Amino acid sequence: MSRWRVAQLLALLATLVLLVLLAGWPSTGLKVLWDIAVPALPAVFLVQPGIWRNLCPIATLSMVPNRPVGGRVLHNGNISRAGAAGLVLLVILVPARRFLFNTNGMALLVTILGVVATAMVLGMVFERKAGFCGGICPVLPVERLYGQFPMLTVVNPRCAPCVMCTTRGCLDIAQSKSISQVLGRDRKSHAWLGSHFGIFAAAFPGFVIGYNLTANGPLSSAGQVYLTILTASALSWLVAVALVRGLELNAGPAIRGLGAVAFAAYYWFAAAAVSSNLGLPDFSPAVIRGAAFCLLVLWLSRIQRARVRRRPGHH
């Protein structure tokens, strides 16, 4: 049994333990998920999104009912529709943490089971990972944004051999080309800002900030939570459009910059929240922020070195 297979089984076991905790000891389960597991994921995506995509228990379960042959392939037109559906799920589910999932273990448990069931149904219809992981997964756009210039190379044990279940933009084949393939011709002009991924990338820094400007509350606070987050997201998109057009930025550097801003904003807020919720020492937020900043600087410096190496005449 390969190391990745063992790791996938361990991830499934960890997920089962989490579900048991959410059912029987919800406060512990919620703390493990929101204050330990989830805060680590953006850093993992920045280093190499393939690490999580190789381990994700929902991905593992979605492939269990795959047909040996004959599943549907996600073609060009449906790629955009699936991506838009994933963004809708992201916009619905993440704000719902504030008035439901951050404090209600049973609601979160039912939702996780519903997502797993959806992923498995799509696994019966589509080839390999096309239906959920490469289609409507709400985490996929975040993986693309943070994982656009991976710092490590990992194998893809789930898809050997590749059957081209997604005709373009597959994040498992070539992370550095996924965004450009999803944007297609739009990347050559400012039209990318109006594509589903362009809207997401430009709005996401505001989405992160808007979420952290809200607080956990009752179900009756849902309207205010969505209004705050969507307003911040809209302002973020408008600022990004103004900067891209004003500075005549190409899609590549603009999207890398948006990813960096969103990453920095996430850990600025997460450092304080995690330290408070876990009862860590007073200096912990500074340590977490410093580590995230160092990782981001390393990521940006690698991008700059790669661009320099690609310039004509560079030796």
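Since every read-out is calculated from the coordinates, none of them should be taken as a lab result. Fair warning: this is a prediction, and the values are worked out from it, not measured in the lab. We place every Cβ from the backbone using ideal geometry, glycine too, and count neighbours over all the protein chains shown.
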TODO: List the extent of the Cα atoms of the chain along each of their three principal axes, largest first, rounded to whole Å.
DONE: 62, 51, 37
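When only Cα pairs under 8 Å and 6 or more residues apart are kept, what is the percent relative contact order across the chain?
Working: 402 pairs, mean separation 62.2, N = 315.
Relative contact order here is 20 percent.
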Open item on the list: Stokes-Einstein diffusion coefficient for the range 34-108 at 37 °C in a medium of 0.692 mPa s, Rh from the Kirkwood formula over Cα pairs: what value in µm²/s?
Closed with: 215
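Quick one: compute a quarter of the convex hull surface over the Cα atoms of the range 225-315 and quote it in nm². Please report the intermediate quantities before stating the final value.
Values: hull surface 33.1 nm².
Across all orientations, the range 225-315 yields a mean hull projection of 8.3 nm².
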- [ ] Please list, in chain and number order, the residues 5+ apart from ARG72 or on another chain whose amide H is under 5 Å from its amide H, with Hs placed from the backbone.
- [x] PHE126, GLU127
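Among ARG98, ARG128, which comes first, then next, by fewest other beta-carbon atoms within 10 Å?
Values: ARG98 21, ARG128 25.
Neighbour counts put them in this order, fewest first: ARG98, ARG128.
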TODO: Convert each backbone phi in the range 179-187 into a coupling constant with the Karplus relation 6.51 cos²θ - 1.76 cosθ + 1.60 (shift: θ = phi - 60°), then list the ³J(HN,Hα) values in order as whole Hz, x for Gly and Pro.
DONE: 5, 4, 6, 5, 6, x, 5, 4, 5
- [ ] Please list, or write none, the aspartates and glutamates whose alpha carbon is within less than 15 Å of the alpha carbon of LYS177, excluding same-chain residues fewer than 8 places away.
- [x] GLU143, ASP186
Task: For LEU213, distant residues with modelled amide H under 5 Å away - done: none
Task: the range 190-230 and the range 119-166: distance between their alpha carbon centers, rounded to Å - done: 24
Open item on the list: Spelling out what I want: for every residue of the range 88-99, take phi, set θ = phi - 60°, compute 6.51 cos²θ - 1.76 cosθ + 1.60 (Karplus), and round to whole Hz; glycine and proline get x.
Closed with: 4, 4, 4, 5, 7, 7, 5, x, 5, 4, 5, 10
Task: Residue-by-residue Karplus 3J(HN,Hα) for the range 235-242, coefficients 6.51, -1.76, 1.60, Hz, glycine and proline x - done: 5, 4, 4, 5, 5, 5, 4, 4
Open item on the list: Test of understanding: ordering LEU140, LEU55, LEU243 by Cβ neighbours within 10 Å, fewest first, what list do you get?
Closed with: LEU243, LEU55, LEU140
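List ASP172, ASP35, ASP282 from most exposed to least, where exposure is judged by having the fewest other Cβ atoms within 10 Å.
Numbers: ASP172 21, ASP35 17, ASP282 7.
Ascending Cβ contact count within 10 Å gives the list ASP282, ASP35, ASP172.
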